[in-house]
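Written below as structure tokens is the structure these notes are about.
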Amino acid sequence: MELDHFSVPCRNKVASATLVAGLCGVPWSETGIGPFSPVYVSDSITLDFDETDEPFPILHFAFRVSPAEFDQILARIRAAGIKYRSAVHAPVDMKVDTAHGGKIVYWNEPDGHQWELLTESYAREPK
């Protein structure tokens with residue numbers, strides 16, 4: 001079983017999709033199937049940004065990447081002026097966590113969602 005797509009509530013679907021795709025260095029489209037702006041995270045998963053004026057929960061997305069991809073994405077986060085932190089519920093410290101055998105950062109743009117970038121999964125046993 002594989003997760004195919006996930007709907008991400010947001011205030012401005014084009015701005016949100018543009019930001020996430022730009023930071024991650026992946027393709028996106030202003031329009032997709034239905035009312036979404038899709039971001040093609042990989043060959044097997046799409047984030048469908050769905051614009052709403054209604055309240056929505058803050059979601060958490062974690063992307064596992066290679067060390068080289070991590071450095072490239074972090075450089076784009078810094079260039080965009082996005083504040084980040086080294087711990088999930090900590091204040092902004094503009095630092096990278098290396099305590100879990102890899103690198104981890106968190107940020108909350110767009111729309112307050114919590115985005116996580118990591119090089120080693122702490123949620124799974126190593127292969």
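The values are calculated or read from the model by the stated rules, or taken from the named source; none is laboratory data. Just so it is clear, the structure is predicted and the values come from calculations on it, not from any experiment. Note that each Cβ is placed from the backbone with ideal geometry, even for glycine, and that neighbours are counted across all protein chains shown. What goes into the accessible areas is simple: the full protein's heavy atoms, side chains included, and nothing from ligands, DNA or RNA. Shrake-Rupley method; radii C 1.70, N 1.55, O 1.52, S 1.80 Å.
Some observations on this one:
- Total charge dipole magnitude, the chain, about the Cα centre, Cβ charges on Lys, Arg, Asp, Glu only, Debye to nearest 20: 540
- On a per residue basis, the chain carries 60 Å² of accessible surface, using protein heavy atoms and a 1.4 Å probe.
- Accessible surface of the stretch 22-81 [probe 1.4 Å, protein heavy atoms]: carbon and sulfur percent: 54
- Antiparallel content of DSSP bridges confined to the chain, in %, to 5: 50
- Set of aspartates and glutamates near LYS103 by C-alpha distance (under 16 Å), chain-local residues within fewer than 8 positions excluded: GLU69, ASP71, ASP93, GLU116, GLU120
- Amide proton proximity set for SER7, modelled H, under 5 Å, gap of 5+: ASP48
- Sparse-neighbourhood loop sites, trypsin sites (Lys or Arg not before Pro) in the stretch 1-72 - DSSP loop, at most 14 other Cβ within 10 angstrom: ARG11
- For the stretch 1-69, the alpha carbon convex hull comes to 106 Å³ per residue, rounded to a whole number.
- Estimated translational D of the chain in µm²/s (Stokes, Kirkwood radius over Cα pairs; 25 °C; 0.890 mPa s): 162
- What separates the Cα centres of the stretch 89-125 and the stretch 28-74 is a distance of 16 Å.
- Distance (nanometres) between label positions extended 7 Å along Cα→Cβ at HIS60 and ALA80: 2.0
- Only protein heavy atoms count here; under a 1.4 Å probe, SER29 has an accessible surface of about 30 Å².
- Within the stretch 1-108, GluC sites (Glu not before Pro) in DSSP loop having at most 13 other beta-carbon neighbours inside 10 Å: GLU2, GLU30
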